[in-house]
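Structure first, then comments.
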Amino acid sequence: MIIPESGPPVLTATAMRAAEQAAIAAGTPALTLMERAAAAAARAILAHHPSSSATILCGPGNNGGDGYGIAQLLTASGMDVTVAADALPIGEPAATMAARWSGRVVPLREAPPAPLLVDALFGTGLARPLADGVQAALDRLRGHSATVIAIDITSGLDSDTGAALGRPLPAARTISFAAAKPGHVLGAGGALTGMLEVVDIGIPVNSQIALTARPRLVPLPHDVHKYARGHALVVEGGLGGAAALAGLAALRVGAGLVTLAGEGASLPALALMRRTDAAAWPLLADRRLKAVLIGPGLEPDARAKDWLRRLLGGSRPLVIDAGALALLDGGPIGSPAVLTPHEGEFARLFGPIGNDRIAAVQAAARQVDAVVLLKGSASIIAAPDGRVAINAHASSWLATAGSGDVLAGMVAGLLAQGLAPFEAAQAAAWLHGEAGRQLGPGGIADDLVALLPPVLHSLLASL
């Protein structure tokens, strides 16, 4: 049994400021929080990116204050550190941190290249394009073989949307405090953040939004049988390969039995079952059938409408994908369900996504009273109660025909094993992304299915 795990919480800039102010109001001085942030960042840098010398770019706000604190601690460790800044912070506690620094300070335009470059210019809340002088300094440093470490968020990224507000320097690692930010994984953030490390500095965080994390795999009991592992039904469309991929994925992710409903002439694996529609309809009354997937390869014709009419409004969990999404009217589904649209399908069903992708998917989930999984480089999974999981554990190798069918089949397979819709979608997205990371050049969706056993085995081996 797969057990999903939640990763770091995610906060918008406004929510992060509120969390900081609440911590200060509860008795933790702002200077203490900044000292903790600098210490945590310095520990991470020394642990993962030790160097003989470093250049630290410091801005005029709190992000710059973190940078001055990091400069002190790296210098104390024996590193040769230069700070590059155009203006000292004037607000507290950043001004106090800057006043403690007695080392070299040069203008940004003279920032020397170094093996380690720490970006502490602008953090959460930047909403304007980078100034020309700042952009020129970043461009001058671009292309040197430095390892770039971003503090809080890469300077020039909108922390709420991931939009690039100029030409940011891509980071090898981003060290964020207390929570991740949407901009770390959305938009350009996915390519500019590098390895994201969220460190605890004593700010209590409550959020309905979190990143996905590596799930756990609980070994099966010794007396398990195939129906105990779950029976999933996949309604096959005219493009039978899509449903076959989905059915194989449902089996590989752990369902005990998978049946394809349709008129196909051959099976992609002997372990898959097939029934005609007439023979499959009685399965809907069988309590051992635990989940149904409809949509892969499906044409939006009379047959598809008939199947959807039979499925909607029942208590059995559904996965609604591809062709079946075109048959929905945007109203409540009436059954426990996961909808798996890509951007085009989402826009046709719910309207334009807009700048706030998270809010758009949350609104869609409330509208249909079902879980919505918006597929993308960072997939957003929203439940009707407002919970959101963002899965950035993915790979560009997943951009291949049939990849979405594999994901839909995985969700169905996890639903068949008893996971709730939100948890099934969350775990499937992470596992799908892990398989994609192992896929590599030349891989196709069939290979994704074949990679699921070693992906699952790695979870078991980590127990």
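The values are calculated or read from the model by the stated rules, or taken from the named source; none is laboratory data. What you are looking at is a predicted structure, and each value in this text was computed from that prediction instead of being measured. Here the Cβ positions follow ideal geometry from the backbone for every residue, glycine too, while neighbour counts run over all protein chains shown.
Taking only pairs six or more apart or across chains, which ones have beta-carbon atoms under 7 Å, a first residue in the range 21-41 that is on the phi < 0 side of the Ramachandran plot, and a second residue that is among the β-branched types (Val, Ile, Thr) and part of a helix (DSSP H, G or I)?
That search, which allows pairs on different chains as well, returns Ala30/Ile24; Leu31/Thr96; Ala38/Ile70; Ala41/Ile70.
Hey, can you tell me all the residues within the range 311-350 that are under 26 Å from Val253 (Cα atoms) and of a type in the set (D, E, K, R)?
Answer for the range 311-350, where residues must be under 26 Å from Val253 (Cα atoms) and of a type in the set (D, E, K, R): Arg316, Asp321, Glu343, Glu345.
Could you pull out the residue among Asp119, Asp160 that is crowded, with 22+ Cβ neighbours inside 10 Å and closer than 22 Å to Arg36 by Cβ?
Just a single option satisfies the conditions, and that option is Asp119.
Taking the conditions exactly as written (in the same structural domain as Gly376 (by TED's automatic domain parsing), at pLDDT 95 or above and over 29 Å from the mean Cα position of the chain (by Cα)), does Leu257 satisfy them or not?
So Leu257 fits the description; yes.
Can Arg366 be described as more than 26 Å from Gly297 (Cβ to Cβ) and among the basic types (Lys, Arg)?
yes
Of all helices (runs of 4 or more DSSP H) completely enclosed by the range 378-463, which ones contain at least 2 residues that are surrounded by fewer than 19 Cβ atoms within 10 Å (Cβ to Cβ)?
421-439, 445-461
Among the listed residues Gly323, Gly376, identify the single one that is under 18 Å from Val292 (Cβ atoms) and among the small types (Gly, Ala, Ser).
Working: Gly376 fails: under 18 Å from Val292 (Cβ atoms).
Selected residue: Gly323, the only one of Gly323, Gly376 that is under 18 Å from Val292 (Cβ atoms) and among the small types (Gly, Ala, Ser).
Quick test for you: out of Ala42, Ala76, Ala94, pick the one residue that is in contact with a Phe, Trp or Tyr (Cβ under 9 Å, 6 or more places away or on another chain) and assigned by TED's automatic domain parsing to the domain that holds Ala114.
Criteria check complete, one pass: Ala94.
When the residues of the range 91-111 are filtered to those that are touching a residue at least 24 places away in the same chain (Cβ under 8 Å) and in a helix (DSSP H, G or I), which remaining residue is surrounded by the fewest Cβ atoms within 10 Å (Cβ to Cβ)?
Restricting to residues being touching a residue at least 24 places away in the same chain (Cβ under 8 Å) and in a helix (DSSP H, G or I), the top hit is Glu110.
Find the residue count for the range 303-314, including only residues that are without any contact (Cβ under 8 Å) to a residue 24 or more places away in the chain and assigned to a loop (DSSP other than H, G, I, E, B).
2
Checking the conditions here, which among Gly297, Gly331, Gly354, Gly344 is modelled with pLDDT under 95, surrounded by fewer than 24 Cβ atoms within 10 Å (Cβ to Cβ) and either outside any strand (DSSP E or B) or of a type in the set (S, T, N, Q) (or both)? First the steps, then the outcome.
Values: Gly297 fails: surrounded by fewer than 24 Cβ atoms within 10 Å (Cβ to Cβ); Gly331 fails: modelled with pLDDT under 95; Gly344 fails: modelled with pLDDT under 95.
Every option except Gly354 fails the conditions.
Report yes if some residue within the range 275-288 is in contact (Cβ under 8 Å) with a residue 60 or more places away in the chain, out of contact with any Gly (no Cβ under 6 Å at 6 or more places or on another chain) and either of a type in the set (D, E, K, R) or surrounded by 18 or more Cβ atoms within 10 Å (Cβ to Cβ) (or both); otherwise report no.
Taking every residue of the range 275-288 in turn, at least one turns out to be in contact (Cβ under 8 Å) with a residue 60 or more places away in the chain, out of contact with any Gly (no Cβ under 6 Å at 6 or more places or on another chain) and either of a type in the set (D, E, K, R) or surrounded by 18 or more Cβ atoms within 10 Å (Cβ to Cβ) (or both).
Keeping to the range 29-63, report how many residues are part of a helix (DSSP H, G or I) and of a type outside the set (S, T, N, Q).
So the count comes out to 18.
Can you list the strands (runs of 3 or more DSSP E) found entirely within the range 118-232 that contain at least 1 residues being in contact with a Gly (Cβ under 6 Å, 6 or more places away or on another chain) and closer than 30 Å to Leu415 by Cα? Outline the logic, then answer.
Details: elements: 147-151, 173-177, 195-199, 209-217.
Of the strands (runs of 3 or more DSSP E) lying wholly inside the range 118-232, those with at least 1 residues that are in contact with a Gly (Cβ under 6 Å, 6 or more places away or on another chain) and closer than 30 Å to Leu415 by Cα span 209-217.
Report, by residue number, each residue of the range 259-273 that is out of contact with any Phe, Trp or Tyr (no Cβ under 9 Å at 6 or more places or on another chain) and either loosely packed, with under 15 Cβ neighbours inside 10 Å or not in a loop (DSSP other than H, G, I, E, B) (or both).
Thr259, Leu260, Glu263, Ala265, Ser266, Ala269, Leu270, Ala271, Met273
Out of all the residues in the range 279-300, is one or more touching a Ser or Thr at 6+ places or on another chain (Cβ under 8 Å), assigned by TED's automatic domain parsing to the domain that holds Ala255 and farther than 23 Å from Ala420 by Cα?
Scanning the range 279-300, I find at least one residue that is touching a Ser or Thr at 6+ places or on another chain (Cβ under 8 Å), assigned by TED's automatic domain parsing to the domain that holds Ala255 and farther than 23 Å from Ala420 by Cα, so the answer is yes.
Being free of Cβ contacts under 8 Å to residues at least 12 places away in the same chain and either charged (D, E, K, R) or in the same structural domain as Ala412 (by TED's automatic domain parsing) (or both) narrows it down to one residue among Pro336, Pro317, Pro352, Pro384; which is it?
Residue meeting the stated conditions: Pro352.
Within the range 73-84, identify whether any single residue is surrounded by fewer than 16 Cβ atoms within 10 Å (Cβ to Cβ) and in a loop (DSSP other than H, G, I, E, B), and answer yes or no.
yes
Within the bounds of the range 41-53, is there any residue that is surrounded by 15 or more Cβ atoms within 10 Å (Cβ to Cβ), within 27 Å of the chain's Cα centre (by Cα) and either over 30 Å from Pro113 (Cα atoms) or among the β-branched types (Val, Ile, Thr) (or both)?
yes
Step by step: first the residues of the range 122-134, then only those that are under 29 Å from the mean Cα position of the chain (by Cα) and not aromatic (Phe, Trp, Tyr), then the one that is surrounded by the fewest Cβ atoms within 10 Å (Cβ to Cβ). Which residue is that?
Arg128
Regarding Ala232, is this residue under 28 Å from the mean Cα position of the chain (by Cα) and surrounded by 16 or more Cβ atoms within 10 Å (Cβ to Cβ)?
So Ala232 fits the description; yes.
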